[in-house]
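Report on the structure given below.
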Amino acid sequence: MTTIPSSAISRMGMQAAGKQQQASAHNVANLNTDGFESVETVQESVGEGGVTTAVRPTGDPSPMILRGQDWVHGSNTDLVRESVNQIAASGAYRANAAAFRAADEMTDELLNIRA
């Protein structure tokens with residue numbers, strides 16, 4: 001069995017948080033785009049440690065909006081959910097960055113002891 005170094009696991013966590021932040025920003029940027037279908041990130045743990053992240057449509061229903069005399073599908077972006085997603089992604093990134101720094105400091109200390 002292969003194990004992944006803790007710094008690599010933290011790096012994967014930071015990348016996953018970055019993807020979540022990008023997806024949320026994309027949704028918010030298209031809040032007023034008719035017919036826009038929002039996306040979400042789905043994280044799955046990797047057997048040796050870390051995560052993979054995929055982006056998929058949320059599948060939420062779109063509101064119908066009257067534009068002139070026509071009904072059109074509006075964006076299905078939920079601004080409250082996106083605010084929560086951005087806060088969660090920011091916290092996850094900070095936590096993984098702290099773990100990455102700790103792994104880096106432990107490696108430096110180990111190298112200093114061996115030197």
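The values are calculated or read from the model by the stated rules, or taken from the named source; none is laboratory data. A quick note: this is a predicted structure, and the numbers were derived from the prediction, not measured. When we count neighbours, we look across all protein chains shown, and the Cβ atoms used for this are built from the backbone with ideal geometry, even at glycine. Side chains included, ligands, DNA and RNA excluded: accessible areas come from the protein's heavy atoms. Shrake-Rupley method; radii C 1.70, N 1.55, O 1.52, S 1.80 Å.
Tell me, which strands (runs of 3 or more DSSP E) wholly within segment 23-102 include 1 or more residues that are out of contact with any strand residue (DSSP E or B) (no Cβ under 9 Å at 6 or more places or on another chain)? Talk me through it step by step, then tell me what you get.
Working: elements: 39-45, 51-57, 64-67, 70-73.
Output list reads 64-67, 70-73.
Just one of the numbered conditions (1) modelled with pLDDT under 95; (2) of a type outside the set (Ser, Thr, Tyr); (3) open to solvent by 90 Å² or more (accessible area, probe 1.4 Å) is not true of residue 80; which one?
Failed condition: (1).
Checking the condition charged (D, E, K, R), open to solvent by 100 Å² or more (accessible area, probe 1.4 Å) and at pLDDT 95 or above, which residue from 101, 67, 94 passes?
Details: 101 fails: at pLDDT 95 or above; 67 fails: at pLDDT 95 or above.
That would be 94, the only listed residue that is charged (D, E, K, R), open to solvent by 100 Å² or more (accessible area, probe 1.4 Å) and at pLDDT 95 or above.
Could you say which residue among 59, 50 is open to solvent by less than 50 Å² (accessible area, probe 1.4 Å), at positive phi and not charged (D, E, K, R)?
On the way: 59 fails: open to solvent by less than 50 Å² (accessible area, probe 1.4 Å).
After applying the criteria, what remains is 50.
Cβ-Cβ distance below 8 Å, separation of 6 or more or different chains: which pairs start in segment 32-44 with a residue that is on the phi > 0 side of the Ramachandran plot and end on one that is part of a strand (DSSP E or B) and open to solvent by 70 Å² or more (accessible area, probe 1.4 Å)?
Partner pairs satisfying both residue conditions: 35/73.
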